[in-house]
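Enquirer: Just passing along the structure, written as structure tokens.
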């Protein structure tokens with residue numbers, strides 16, 4: 001049974017009531033989530049997440065991908081429309097996924113005659129080959145090709161984002177993108193999250209000889225990096241029938257500092273099992289470098305939105321399991 005239905009949009013919404021002073025980074029906190037605490041969080045039924053007294057970040061729950069895509073599209077379009085009325089440029093950090101929002105976004109822009117002429121788009125990441133070079137244009141993890149087709153494609157030419165305002169993140173453009181982001185405030189960061197709670201490609205660092213603190217993750221900026229083994233396995237299962245050999249081993253990403261520099265941060269997921277545990281940690285854990293998206297709770301206007309499938313968890317649906 002789903003709770004807290006909004007009469008306007010049909011989405012489910014809940015906001016935590018924590019004090020901002022209580023969200024400051026606790027640099028002395030453990031680098032790893034307690035497995036017993038994790039079990040407790042994962043045991044909460046999906047319908048009980050909304051309004052839960054221990055929520056550390058604002059949370060919304062929607063029925064499915066269709067509702068999520070419509071919400072994502074509407075929220076970005078509303079920011080653009082408001083800035084257009086004020087004759088202000090809109091500066092947005094945009095992900096390659098979730099994919100459910102591209103068609104609703106195109107439809108809204110075209111139907112409402114929303115001009116994107118003053119929209120500046122900072123693409124949050126890109127995949128790279130083992131030498132740190134861009135992938136072939138036809139590779140399914142070439143984000144530029146995908147976004148040209150699905151985000152920019154289909155927008156009426158007279159409304160489209162000018163080419164010069166599309167900031168593609170590549171090894172050759174890192175400093176250009178960094179300078180452009182620093183020129184003025186970013187209005188909104190739109191994103192998803194990964195299996196380890198990465199926002200953009202800010203993965204939990206698992207290098208055996210170098211460990212990052214929470215403060216270092218929070219202050220991380222644009223960089224090239226090796227992708228974690230668990231990220232590669234997750235993407236392999238999702239896209240290539242578990243053929244990890246085809247997954248890009250490196251990436252270039254905006255840092256957490258850039259992603260959280262926006263006035264608003266909105267992250268969404270309709271990916272189900274791949275994201276279920278990271279969601280629970282983001283909602284209930286103190287900030288930890290093991291799950292970078294826990295840093296969302298340090299932002300004054302961040303919201304996490306998940307589909308019901310993503311909000312579910314096997315631990316909550318199998319109360320007879322004895323994990324300890």
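All of the numbers you see were taken from the coordinates with simple rules; none came from a lab. Since the model is a prediction, treat every value here as computed from it, not as a measurement. Don't worry about glycine lacking a Cβ; one is built from the backbone with ideal geometry, like all the others, and counts go over all protein chains shown.
Enquirer: How would you rank 101, 41, 130, 168, going from fewest to most other Cβ atoms within 10 Å of each one's own Cβ?
Expert: 130, 168, 41, 101
Enquirer: Please check: in the Gaussian network model of the chain (C-alpha springs, under 10 Å), which one of 40, 223, 74 has the largest mean-square fluctuation.
Expert: Result for the chain, Cα springs under 10 Å: 40 fluctuates most.
Enquirer: If you look at just the Cα atoms of the chain, how large are its Rg and its Dmax in Å?
Expert: Over the chain's Cα set, Rg and Dmax evaluate to 19.1, 61 Å.
Enquirer: Report relative contact order for the chain in percent, whole number only (criteria: Cα-Cα under 8 Å, sequence separation at least 6).
Expert: 25
Enquirer: What number, rounded to the nearest 500 deg cm²/dmol, is the helix-based mean residue ellipticity at 222 nm of the chain, given -39500 (n - 2.57) per DSSP H run of at least four residues and division by all its residues?
Expert: -7500 deg cm²/dmol
Enquirer: With a/c under 1.5 counting as rounded, go ahead and sort the range 152-250 into rounded, prolate or oblate using the C-alpha gyration tensor (a ≥ b ≥ c being the square roots of the eigenvalues; past the cut-off, prolate if a/b is larger than b/c, else oblate).
Expert: It is oblate, given that a/c is not under 1.5 and a/b is not larger than b/c.
Enquirer: Okay, next question. Need the C-alpha centroid separation for the range 171-188 versus the range 192-243, integer Å.
Expert: Each part's Cα centre sits 21 Å from the other's.
Enquirer: Just 296, 116, 254 to compare: in a GNM of the chain, with alpha carbon springs under 10 Å, which one fluctuates most?
Expert: 116
Enquirer: Still on this structure: Taking a ≥ b ≥ c as the square roots of the Cα gyration tensor eigenvalues, with a/c under 1.5 meaning rounded and otherwise prolate when a/b beats b/c, else oblate, which class fits the range 144-202?
Expert: oblate
Enquirer: For the chain, modelled as a GNM with alpha-carbon contacts under 10 angstrom, which of 120, 198, 139 fluctuates the most?
Expert: Top of the fluctuation ranking is 139.
Enquirer: For the range 263-324, what does the alpha-carbon gyration tensor say about shape, rounded, prolate or oblate, given a ≥ b ≥ c as the root eigenvalues, a/c under 1.5 as rounded, and a/b over b/c as prolate?
Expert: The shape class here is oblate.
Enquirer: Something else now. Suppose we look only past 22 Å in the calculated P(r) of the range 47-142. What percent of the Cα-Cα pairs does that tail hold?
Expert: Taking all Cα-Cα pairs of the range 47-142, the fraction more than 22 Å apart is 49 percent.
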